[in-house]
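Have a look at the structure below before the remarks.
The values are calculated or read from the model by the stated rules, or taken from the named source; none is laboratory data. Predicted model only: the values in this text are computed from it and were never measured. Neighbour counts are summed over all protein chains in view; Cβ atoms, including those assigned to glycine, are modelled from backbone coordinates with ideal geometry. Just so you know, the surface numbers come from the protein's heavy atoms only, side chains and all, with ligands and any DNA or RNA stripped out. Shrake-Rupley method; radii C 1.70, N 1.55, O 1.52, S 1.80 Å.
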Amino acid sequence: MANVNLKSLTTVLGENASIDDIPVTPTNIVSCGSNEVLKVNSLYVANIDGTNSATLTVDVYDGAAVDSYLSKGLSVGAGGTVTVVTLDTPVYINEGQSIRLTASATGDLAGFVSYERIS
């Protein structure tokens, strides 16, 4: 996997992605393709259940193993929202990596991410 030289950019596209119902198995919300890098500017997760709290795990996955965790077992209160990534603390995702979300229960959490696809 090669890192993109940020000084020789040709394209920067603003994009969003969402998962309406985060499952109990790790699920990609964004994936980085060949010859690009993703700059994740914000990642929000809302508890859509309204009655029960749920826990959230957010990891960076390289296709074979978890590279790191952005959150693990983070509690999201009923009807609440948590911010995992902000513009003040962006995260770069390299070629072949993805950000995955996992909920403690199906039907409890929804996620939204805003990012730049850079190549």
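Descriptive notes on the structure:
- Residues in region 58-96 that are open to solvent by 30 Å² or more (accessible area, probe 1.4 Å) and polar (S, T, N, Q): S68, S75, T81, T83, T86, T89, N94.
- Residue check, T55 assigned to a strand (DSSP E or B) and open to solvent by 30 Å² or more (accessible area, probe 1.4 Å): yes
- Sub-8 Å Cβ pairs linking a first residue in region 18-46 that is within 18 Å of A103 (Cα to Cα) to a second residue that is among the basic types (K, R), at least 6 apart or interchain, are P26/R100; T27/R100; N28/R100; I29/R100, ordered by first then second residue.
- Verdict on N41 being within 15 Å of the chain's Cα centre (by Cα), open to solvent by 70 Å² or more (accessible area, probe 1.4 Å) and under 20 Å from I118 (Cβ atoms): no
- Some residue of region 24-40 being touching a helix residue (DSSP H, G or I) at 6+ places or on another chain (Cβ under 8 Å) and either among the aromatic types (F, W, Y) or in a strand (DSSP E or B) (or both): yes
- Of all the residues in region 62-94, those that are charged (D, E, K, R), at pLDDT below 95 and in contact with a strand residue (DSSP E or B) (Cβ under 7 Å, 6 or more places away or on another chain) number 1.
- Residue check, S104 modelled with pLDDT of 95 or more, under 13 Å from the mean Cα position of the chain (by Cα) and small (G, A, S): no
- Scope region 61-115; condition outside any strand (DSSP E or B) and aliphatic (A, V, I, L, M); matching residues: A64, A65, A78, L87, A105
- Checking each residue in region 33-44 for being at pLDDT 95 or above, of a type outside the set (G, A, S) and in contact with a Ser or Thr (Cβ under 7 Å, 6 or more places away or on another chain) picks out N41, Y44.
- Residues being at pLDDT 95 or above, among the hydrophobic types (A, V, I, L, M, F, W, C) and surrounded by fewer than 22 Cβ atoms within 10 Å (Cβ to Cβ) - total across region 107-118: 2
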